[in-house]
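Structure first, then comments.
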Amino acid sequence: MGLITSPEVRMARKIIQKHSLKIPFDLDKLVEKYAKVIYKTIPIDGIDGICVNLKVPGKTPTVVVNDTSVVTRQRFTLAHELGHIIIPWHLGTIIDEIDIEQSRKSKTQYIEYEREANRFASELLMPFDWIFSEFQKDNDFESLVARTCTRCRVSEIAARIRLKKAFEEILNHLIPKDTIQKMYAQSGRLDLVQVKLLRTHTSLDSLAIAWHMCNCLSGKIAFCVEEDNLVIESGCTNGTQFSHQMQGNEFNAYPYPSYDSYNNCEHQGTRTHWWTLDVSVNIPEDGRTWREILDKLAEDLAPGSGAQKFKQVIGGKLSGLNSSRKSKSPDQSIDDFIKEALHRFNHINHLSLLGHPDFLLFIKKRSEAFYES
């Protein structure tokens, strides 16, 4: 089982099947079927392992694991090196830095090899089928992290990375993306979609459903899950600028000055608050330029020495958005650009700006100038 079908993940699953591996299994014994394994100190900072003689005719690969690392890291390194051995296009000698995102190396092929070996190791040590069976017993994320660390003998960070991806696979398997999209198109209300999903999938909690909905839907959508007025977590759809509410903080019921709709869903003591933030407005017209309007905004909201900085902040936010539009969405309509600009300022920190009678006109005039240049 498992929905991720990248070649290296399929290879790890074939190794599990070929050797009838069950969690927990003797990793050293497995790797020794494919290579000579040596544990020794590697006196170079950041180097976790070395794999020599990959796919060299007549030579057995040699794996060197840095024995100064903690045991769980050594174990992941060993599985990672087996990945290099099994993956057909990994050749020669590879010196490994498991934390590739922190690596100073810039060679694209090297980084991709490391990611492939990491994915192989994650699937080998924490197989999707095992995770899914444990999920069915108890889907509490923290509980599953603890069980994975203990049974699979991996670090907490490795378990969390693997489980986050596995949870996405599981939810996509249980509730396909098009199912959520159809439900939302029919009801038009996020709370009703969430209620129905919670009733159908009783093993899932409000937060898991909320995140999955956001991963499946488009548009400007934000949510916050709270219990007894304390934040559990907040999130949003991809591309949404949202007001992040920190876990454990008092819930803020009014994080967005403007929104299209709001509703909430109560379930087993928690409440999920939903906002749709695609706001359409009618903007009046007059003969002033955008610069004249910005001067007026600065005069009213940041008089004196603060005026220049005020204009730089406002101008910088819009110029950044325009640069992004030119590079990523050159065909974006001016109406959609204006909506996106208004969305960027839809935060309680900009209440005075949003409340100024000239703000909407300034956004319109500045956007028109961008499109004319």
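The values are calculated or read from the model by the stated rules, or taken from the named source; none is laboratory data. The model shown is predicted, which means the values in this text are computed figures rather than measured ones. Cβ: placed from backbone, ideal geometry, glycine included. Neighbour counts: every protein chain shown. Just so you know, the surface numbers come from the protein's heavy atoms only, side chains and all, with ligands and any DNA or RNA stripped out. Shrake-Rupley method; radii C 1.70, N 1.55, O 1.52, S 1.80 Å.
In segment 302-314, what residues are open to solvent by less than 60 Å² (accessible area, probe 1.4 Å), aliphatic (A, V, I, L, M) and part of a helix (DSSP H, G or I)?
Taking segment 302-314 and keeping what is open to solvent by less than 60 Å² (accessible area, probe 1.4 Å), we get 302, 306-307, 310-311, 314.
When the remaining residues are screened for being aliphatic (A, V, I, L, M), the result is 302, 307, 314.
Correct list: 307, 314.
Summed over segment 89-134, the residues that are modelled with pLDDT under 90, among the hydrophobic types (A, V, I, L, M, F, W, C) and not in a helix (DSSP H, G or I) give a count of 5.
The requirement of being open to solvent by less than 20 Å² (accessible area, probe 1.4 Å), of a type outside the set (Val, Ile, Thr) and either at pLDDT below 95 or on the phi < 0 side of the Ramachandran plot (or both) is satisfied by residue 82. Restricting segment 248-271 to residues that are open to solvent by 80 Å² or more (accessible area, probe 1.4 Å) and within 13 Å of residue 198 (Cα to Cα), the residue that is modelled with the lowest pLDDT is 268.
Can you pull out every residue in segment 51-70 that is modelled with pLDDT under 90, open to solvent by less than 50 Å² (accessible area, probe 1.4 Å) and either within 33 Å of the chain's Cα centre (by Cα) or more than 17 Å from residue 82 (Cβ to Cβ) (or both)? Matches in segment 51-70: 51 only.
Among the residues making up segment 192-209, those that are surrounded by 19 or more Cβ atoms within 10 Å (Cβ to Cβ) and within 15 Å of residue 262 (Cα to Cα) are 193, 194.
Scanning segment 281-301 for residues that are open to solvent by less than 50 Å² (accessible area, probe 1.4 Å) and in a loop (DSSP other than H, G, I, E, B) yields one hit, 283. Residue count for segment 227-244, restricted to those that are open to solvent by less than 50 Å² (accessible area, probe 1.4 Å) and over 24 Å from residue 143 (Cα atoms): 5. For residue 278, are the conditions met, namely being within 15 Å of residue 188 (Cα to Cα), open to solvent by 50 Å² or more (accessible area, probe 1.4 Å), among the acidic types (Asp, Glu) and touching a residue at least 24 places away in the same chain (Cβ under 8 Å)? Yes: the conditions hold for residue 278. Scan segment 329-372 for residues that are under 31 Å from the mean Cα position of the chain (by Cα), under 26 Å from residue 275 (Cα atoms) and open to solvent by 60 Å² or more (accessible area, probe 1.4 Å) and the total you get is 7.
Against the test of being in contact (Cβ under 8 Å) with a residue 60 or more places away in the chain, more than 19 Å from residue 238 (Cα to Cα), surrounded by 15 or more Cβ atoms within 10 Å (Cβ to Cβ) and of a type in the set (Asp, Glu), the options 123, 169 yield a single qualifying residue, 123. When only residues in segment 10-41 that are of a type in the set (Phe, Trp, Tyr) and free of Cβ contacts under 8 Å to residues at least 40 places away in the same chain count, which is nearest to residue 84 (Cα to Cα)? Selected residue: 39.
Taken together, the residues in segment 210-226 that are open to solvent by 40 Å² or more (accessible area, probe 1.4 Å) and more than 20 Å from residue 256 (Cα to Cα) amount to 1. Residues in segment 25-46 that are exposed (fewer than 12 other Cβ atoms within 10 Å of the Cβ) and in a loop (DSSP other than H, G, I, E, B): 6 in all.
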